[in-house]
Amino acid sequence: MTPNKIAQGAEASIYLENSSIIKERFVKRYRLPQIDEALRTFRTRREAKILQKLEAMNFPAPHLQEFSDTRMSIAMDFIPGPKVRDILLDTQQYAQIAEAIGKNLAKLHDAQIVHGDLTTSNMLLHEQSKELTFIDFGLSAFSDKVEDKAVDLFLLDRALQSTHFQIYPGIFQNVLESYQNTSAQAAEVLARFEKVKARGRNKK
Ligand SMILES: Nc1ncnc2c1ncn2[C@@H]1O[C@H](COP(=O)(O)OP(=O)(O)O)[C@@H](O)[C@H]1O
Ligand SMILES: [Mg+2]
């Protein structure tokens, strides 16, 4: 059976095979071969490791089935349901989703994990359970640093501002409120977030 390619990003192809998703990191010819191989191996292993950790803590993310260093691929459960990106482009009703995003992110950060690529294309809404599910952990890291968490929030802020400008800044304010209500370290992270933003302004 030929697997069905359902997405292709900058680094990986995504195939749907029965109810499994196969994410395969392809060769990037512009990189030096040794560096390319090392990066693909690192990101494949990292994504697998984070998915295992998330499952152990009951965090909504796909279940890891297997991973291969030679194919540079991981297999995980297919999450049925739309990307949050598409739902938000379709409706003005964002409060509930924003709340779920803030809560998930706070749980992730309190477990000392930063996502590294927080966009609404990396969040799916499970069509049965209606649970907000994060995906795409290839750029994630284990970190207890306030700075890393603040940068994660900053990237999310930017992503919402550019993709969901019709409902911005309302949506981000709701995310922050929910983050504050959930994370034990929210005050520190938000204070640092303000500094990260100020740094961004000074660079322009
Ligand atoms: N477990 C999954 N279940 C359903 N769809 C998925 C899953 N993993 C990835 N996808 C789909 O493939 C797209 C790209 O996957 P992603 O892991 O975000 O890779 P990339 O690094 O290319 O962005 C996602 O935006 C989503 O539409
Ligand atoms: Mg992605």
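The values are calculated or read from the model by the stated rules, or taken from the named source; none is laboratory data. Here the structure is a predicted model, which is why all the values come from computation and not from measurement. Using ideal geometry, Cβ is built from the backbone for each residue, glycine included, and neighbour counts are taken over all protein chains shown.
Inside segment 73-90, can you point out the residues that are within 16 Å of ligand 2 (Cβ to nearest atom) and touching a residue at least 40 places away in the same chain (Cβ under 8 Å)?
SER73, ILE74, MET76, PHE78, ILE79, GLY81, PRO82, LYS83, VAL84, ARG85, LEU88
Residues to consider are LEU124, LEU118; find the one that is in contact with a Ser or Thr (Cβ under 8 Å, 6 or more places away or on another chain) and either within 16 Å of ligand 1 (Cβ to nearest atom) or touching a residue at least 40 places away in the same chain (Cβ under 8 Å) (or both). If you could, list the steps in order and put the result at the bottom.
Values: LEU118 fails: in contact with a Ser or Thr (Cβ under 8 Å, 6 or more places away or on another chain).
Among LEU124, LEU118, only LEU124 is in contact with a Ser or Thr (Cβ under 8 Å, 6 or more places away or on another chain) and either within 16 Å of ligand 1 (Cβ to nearest atom) or touching a residue at least 40 places away in the same chain (Cβ under 8 Å) (or both).
Given the structure, is ILE101 β-branched (Val, Ile, Thr), at pLDDT 95 or above, in the same structural domain as GLU177 (by TED's automatic domain parsing) and more than 16 Å from LEU176 (Cα to Cα)? Break it down into steps so the answer makes sense when it comes.
Working: β-branched (Val, Ile, Thr): yes; at pLDDT 95 or above: yes; in the same structural domain as GLU177 (by TED's automatic domain parsing): yes; more than 16 Å from LEU176 (Cα to Cα): no.
So ILE101 fails the test.
Can you find, within segment 66-81, the residue that is nearest to ligand 1 (Cβ to nearest atom) among those that are loosely packed, with under 14 Cβ neighbours inside 10 Å and not charged (D, E, K, R)?
Per the criteria, the residue is PRO80.
Could we say that ASP36 is more than 15 Å from ASP136 (Cβ to Cβ), outside the structural domain of TYR168 (by TED's automatic domain parsing) and either modelled with pLDDT of 95 or more or more than 9 Å from ligand 1 (Cβ to nearest atom) (or both) here? Outline the logic, then answer.
Values: more than 15 Å from ASP136 (Cβ to Cβ): yes; outside the structural domain of TYR168 (by TED's automatic domain parsing): yes; either modelled with pLDDT of 95 or more or more than 9 Å from ligand 1 (Cβ to nearest atom) (or both): yes.
Yes, satisfied.
What do you reckon, is SER129 closer than 24 Å to ILE14 by Cα, of a type outside the set (Val, Ile, Thr) and free of Cβ contacts under 8 Å to residues at least 24 places away in the same chain? First the steps, then the outcome.
Working: closer than 24 Å to ILE14 by Cα: yes; of a type outside the set (Val, Ile, Thr): yes; free of Cβ contacts under 8 Å to residues at least 24 places away in the same chain: yes.
Spelling it out, SER129 is indeed closer than 24 Å to ILE14 by Cα, of a type outside the set (Val, Ile, Thr) and free of Cβ contacts under 8 Å to residues at least 24 places away in the same chain.
Kindly check whether there is at least one residue in segment 75-87 that is within 18 Å of GLU177 (Cα to Cα) and in a helix (DSSP H, G or I). Explain how you work it out, then say what you get.
Narrowing segment 75-87 to residues within 18 Å of GLU177 (Cα to Cα): none.
No, because not a single residue in segment 75-87 is within 18 Å of GLU177 (Cα to Cα) and in a helix (DSSP H, G or I).
So if I check each of TYR30, TYR94, which one is more than 16 Å from ligand 1 (Cβ to nearest atom) and crowded, with 19+ Cβ neighbours inside 10 Å?
Values: TYR30 fails: crowded, with 19+ Cβ neighbours inside 10 Å.
Result: TYR94 is the single residue among TYR30, TYR94 that is more than 16 Å from ligand 1 (Cβ to nearest atom) and crowded, with 19+ Cβ neighbours inside 10 Å.
If I ask for residues that are more than 22 Å from ASP90 (Cα to Cα), free of Cβ contacts under 8 Å to residues at least 40 places away in the same chain and in a loop (DSSP other than H, G, I, E, B), which ones from segment 147-204 would you list?
Residue satisfying the conditions is LYS204 alone.
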